[in-house]
Amino acid sequence: MAAPLLTIELDPGPFQPLAALEGWHSQLRTRLDGLPAAESSFVGRVRPHTSAGQPLAALELEHYPGMTETQLQHLAAAAASAPEVAAVLVRHRIGRVLPGDPIVLVAVAADRRGPAQRCCQELLEALKHEAPFWKREWLADGSGHWLGGNTPL
Amino acid sequence: MGHTPELRVLLFAALRERAGWRERQLAATRGATPTTVWGQLGLEPADPAATIRVAINQRFARWDSPLAGGDELAFLPPISGG
């Protein structure tokens, strides 16, 4: 069984999830024998308000260059350990992200829906807690506040 | 006697802003661990292990992991990705 194809990208500017998926599909058609039968994907977008309920001007995403990419590779490989998983895509924003903009895309292609959905959920949860990213909420008045963790599942 | 490579210490996000610096070079003393470096740099809080994680050479490590000259040590405040 070939190792799953892992595609990990950090995006310093906005990305379109559907275009990202189409680009990934083209890669998979070339590198696999057609597209796998099952695919699960998740898109996370920036909320329009802060954790305290105020209107959000922007979210800033800081990362640890080098470690973040390596850690995402490790997490993707671990989540894709089921033999049915054929490919994993992770796109994650860094920098300043506006309300409503996509911040994360995780997609998993597999031979069956179970491994596709499980791998997608596991990887999303793993990257929220084990990949070094930090969010700062910016308000319209120019003040910023670092978040101390994630929203609950 | 060669030059002993220094430790490179990195801070991120809220930790960096609270401390007012991003990166420091330190002499690697014998027996150094993330715990001893944290104390040596006078970083807050005094008992960081509950909230702050450490990485050595860009991999998660323990607060009592031994450090060697040339290592990159990073202190990581609570992660909020995704």
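Points worth noting:
- Values of log10 I(q)/I(0), in the order q = 0.20, 0.22 Å⁻¹, for the stretch A:8-144 under a Debye, Cα-only, solvent-free model: -1.16, -1.31
- Were the residues from B:Asn57 through B:Thr29 laid out at 0.36 nm apart, the gain over their Cα-Cα distance would be 8.4 nm.
- Residue order, fewest to most surrounding Cβ atoms within 10 angstrom, among B:Arg30, B:Arg53, A:Arg29, A:Arg96: B:Arg30, A:Arg29, A:Arg96, B:Arg53
- As a length-normalised measure over Cα pairs under 8 Å and 6 or more apart, the relative contact order of the stretch B:31-70 settles at 56 percent.
- Lys, Arg +1 and Asp, Glu -1 on Cβ, resulting dipole of the protein assembly as shown about Cα centre, debye, nearest 20: 60 debye
- Segment A:Glu130..A:Thr7, full-extension length gain: 42.5 nm, with 0.36 nm per residue of separation and the alpha-carbon distance subtracted.
- Take every pair of alpha-carbon atoms less than 8 Å apart whose residues are at least six positions apart; their mean separation over the length of the stretch A:8-144 yields a relative contact order of 38 percent.
- Sites A:Leu32 and A:His74, calculated FRET efficiency, Cβ-Cβ separation with R0 22 Å, nearest 0.05: 0.45
- Helix-derived mean residue ellipticity, 222 nm - over chain B, DSSP H n ≥ 4, -39500 (n - 2.57), to 500: -4500 deg cm²/dmol
- As a rough footprinting exposure proxy, the listed residues A:Glu9, A:Glu84 were ranked by other beta carbons within 10 Å of their own, and the order from fewest upward is A:Glu9, A:Glu84.
- Cα-based convex hull, the protein assembly as shown, per residue volume (Å³, whole number): 154 Å³
Bear in mind that the values in this text are calculations on the coordinates, not laboratory data. Remember, predicted model here, so these are calculated numbers, not experimental data. Quick reminder, even Gly has a Cβ in these numbers, built from the backbone with ideal geometry, and neighbours come from all protein chains shown.
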